[in-house]
Amino acid sequence: MIKQHTLLFLDIDGVMRTFPPAHNSDARTRFTGAAVDGLRDIVTQTGCEIVISSTWREDNMDALNRAWEIHGLEIVKSRIIGATELLDRADIPSREDEIDKWLSDHQFKGRMAILDDEVIGGDLRNWQVLTFQETGLTHRLAQQAIQLLKSGPVFG
C-alpha cells in the first residue's frame, strides 16, 4: 500500500510534448517550457508521487530519465514510484483499464490526478485533467491538477 496519499498518473505525449514522437532521441526528450514549469509546480506544491501511465513505459524509460535531467526535473524523477502495467488482452485495453488495475493492485486510497490527452471515462473521469496534443500541460491545467491533489475527491 502507498504511504503517500497523493498520486499523479502521468502521460508524456500530449502532456509534456506537443508534437508526434520523432525517431531522433534528442527530439523525444524535448518538453514544452509550460509543461516543465507546470509539472514542477504540481510536484513541489503537492508532494505527490508519480506513476507513469504513458506508452513510454514500454521502451523509452531511458529517454524519459534523460528528459528529466535535461529539463532540471530531478524532483520529478525522485517522485516516480512506478508505471502502470501494459495489459495483455485480446482487445486493446484502455488507459483507464491500466490505471484502474494499478489502483486496485496497490489498494490506493487518497487524492489523485490523471494528466492525459486521452479521455479517461468511467469511474476515473472525475480525477482527469485533460490536456490537448496541440498545447500539452499549461499553467491553467497544472493549477487544476494541484487543486485535485490538494482538495479534490478522495479515491477509494
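The values are calculated or read from the model by the stated rules, or taken from the named source; none is laboratory data. Quantities reported herein were computed from a predicted structural model and do not represent experimental measurements. Here Cβ is always computed from backbone atoms with ideal geometry, including for glycine, and neighbour counts include all displayed protein chains. Heavy atoms of the whole protein, side chains included, go into the accessibility calculation; ligands, DNA and RNA do not. Shrake-Rupley method; radii C 1.70, N 1.55, O 1.52, S 1.80 Å.
Tabulated data
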| item | result |
| --- | --- |
| Given charges at Cβ of Lys, Arg, Asp, Glu: the range 47-151 dipole, positive-most of Thr138, Leu87, Gly47 | Gly47 |
| Relative contact order for the chain, counting Cα pairs under 8 Å that sit 6 or more residues apart, in percent | 35 percent |
| Residues whose placed amide H lies under 5 Å from that of Ala83, excluding near-sequence neighbours | Ile52 |
| Residue-count net charge about Ile146 - beta-carbon cut-off 12 Å; Lys, Arg +1, Asp, Glu -1 | +3 |
| Cα lying deepest toward the dipole's positive end in the chain, options Trp68, Leu149, Gly122, charges on Cβ | Leu149 |
| Per residue, in Å², the accessible surface of the range 35-156 once ligands and nucleic acids are set aside, probe 1.4 Å | 50 Å² |
| Förster radius 41 Å - calculated FRET efficiency between Gln107 and Asp37, Cβ distance, rounded to 0.05 | 0.80 |
| Largest-first principal axis extents, alpha carbons of the chain, Å | 40, 40, 26 |
| Accessible-area composition of the chain, carbon plus sulfur, in percent [1.4 Å probe] | 48 percent |
| At most 15 other Cβ within 10 Å, DSSP loop - chymotrypsin sites (Phe, Trp or Tyr not before Pro), the range 62-151 | Phe132 |
| Net dipole in debye of the range 40-89 [+1 Lys, Arg Cβ; -1 Asp, Glu Cβ; about Cα centre; nearest 20] | 140 debye |
| Counted charge near Leu103, where neighbours are those whose Cβ lies closer than 15 Å (Asp, Glu -1; Lys, Arg +1) | -4 |
| Within the chain, longest stretch free of exposed trypsin sites (Lys or Arg not before Pro) [DSSP loop, at most 12 other beta carbons within 10 Å] | 4-88 |
| In Hz, Karplus ³J(HN,Hα) per residue of the range 80-87 (6.51, -1.76, 1.60; θ = phi - 60°; x = Gly, Pro) | 6, 10, x, 9, 5, 7, 6, 6 |
| Cut-off 13 Å between beta-carbons: net charge of the residues surrounding Arg40, Lys and Arg +1, Asp and Glu -1 | -1 |
| Only Lys, Arg (+1) and Asp, Glu (-1) charged, at Cβ; the chain dipole about Cα centre in debye | 640 debye |
